[in-house]
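The values are calculated or read from the model by the stated rules, or taken from the named source; none is laboratory data. Treat the numbers as computed from the prediction; the structure is a model and nothing was measured. Ideal geometry is used to build each Cβ from the backbone, glycine not excepted, and the neighbour counts take in all protein chains shown. Side chains included, ligands, DNA and RNA excluded: accessible areas come from the protein's heavy atoms. Shrake-Rupley method; radii C 1.70, N 1.55, O 1.52, S 1.80 Å.
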Amino acid sequence: MKVAVVGCGGMGAASAWRLKKRGAEVVAFDRYSPPHDRGSSHGDSRITRTAYMEGSFYVPLLQETFPMWRELETETGTALLTMNGLLTIGSPTAKPIAAAIAAAGEHSLDVTVLDAGEVRKRYPAHVMADDEVAVLDPQAGFLSPEQAVTAMTRGIEVRTNVAVSAIEPRADGVDVVTAGGAEQFDAAVIAAGPWVRDLVPTLPVTVERQVMVWLALQADAEPFMPERFPPWYREGAAEGDVYGFPTLDGSSIKLGRHHRGETVTAETSRRTVSDADLDPLRLFVTRYLRGVTRRVVRSATCLYTNSPDENFIVDVVPDSPRVVVLSACSGHGFKFAPVMGDIAADLLLDGATRRDISRFSLNRFPSQVD
């Protein structure tokens, strides 16, 4: 089978990798040259975790990803996954805390709830109120997104700087239309991120601009090294829900807000970062982190493609049984890339998947089935 993969970020690259492993002839298309910083598969680091606050139904899929990331590391000789845990910090009654604990209980995951005193002792960089707690998920850590995209597309024919304008179904396949004309394929995967509605106009998604910033550390980087400072997520701050990482360069740490971004389009989103973008995060570190300055080392933007319920969209496109869409990962999808790519391969090569993707179906959106 000859398959076109449209979009070569995390989901598209993973689809190309898994399809090729299963014998398909794969051609990938990207309007830029991946890995690039125009979508959401960039920024040096992305969190992965298992006690999943977005829904316990994600946990079995997450558990599949860890050996798949290790498989990719072995195949390519590339270090991609650092397992050093995750702290979810906030009020004991906060929804993210309760949901992470509930997911752990349902799937017998090994998590530890730390009170404020224990967090201060183990992770002194975090400023904790006496009534706050942290859920420590040891089956967690971070991924290197640019290196992962590069590894997944090794050996794949990638048509860079080529925008796909349409995917037109035929009785025996699809035509992939670009400025160079139409090319015939047996099937296609659409993983176009914030450009997905260019190809599936009725998809009920919105695009949200997010800002990431790297702030300079004070003199001592040791408390922020990966072996001592796991990735973290703090809910309920005045600045919004904020996440961050250990230092990867010995002189700065990355952090960003989860949601609360402005609604944009992929083409009109501002790529420059202003003081107004940065001020909430600079204020955040003065309240919640010790040893981090307000000095900006660098900054970047990324784009969340959000579904109305913030769950993924993974399905066959209506009226196009040879086209699968992977989209709307809503800012929490990169960690799932290998298994999502394998699901795309299931749907195209086998016609079904053994994984439960019922919550990702287009059927949950009435406009998609009218």
Only one of Arg359, Arg322 that is open to solvent by 20 Å² or more (accessible area, probe 1.4 Å), part of a strand (DSSP E or B) and charged (D, E, K, R): Arg322
Filter result for Leu348 (closer than 25 Å to Glu71 by Cβ and more than 17 Å from the chain's Cα centre (by Cα)): yes
Subset tally (residues that are open to solvent by 60 Å² or more (accessible area, probe 1.4 Å) and within 30 Å of Gly90 (Cα to Cα)) for segment 139-187: 1
So Ala140, is it of a type in the set (A, V, I, L, M) and more than 30 Å from Arg287 (Cβ to Cβ): no
Residue check for Thr65: within 30 Å of Arg31 (Cα to Cα) and open to solvent by 40 Å² or more (accessible area, probe 1.4 Å): no
Per-region count, segment 93-138, residues open to solvent by 70 Å² or more (accessible area, probe 1.4 Å), within 14 Å of Met53 (Cβ to Cβ) and part of a loop (DSSP other than H, G, I, E, B): 1
Boolean, Asp277 is in a strand (DSSP E or B), open to solvent by 10 Å² or more (accessible area, probe 1.4 Å) and either over 18 Å from Ala328 (Cβ atoms) or not aliphatic (A, V, I, L, M) (or both): no
Filter result (in contact (Cβ under 8 Å) with a residue 12 or more places away in the chain, among the small types (Gly, Ala, Ser) and assigned to a strand (DSSP E or B)) within segment 173-232: Gly173, Ala182, Ala187, Ala188, Ala216
Residues that are hydrophobic (A, V, I, L, M, F, W, C) and either open to solvent by 10 Å² or more (accessible area, probe 1.4 Å) or part of a loop (DSSP other than H, G, I, E, B) (or both), drawn from segment 68-92: Met68, Ala79, Leu80, Leu81, Met83
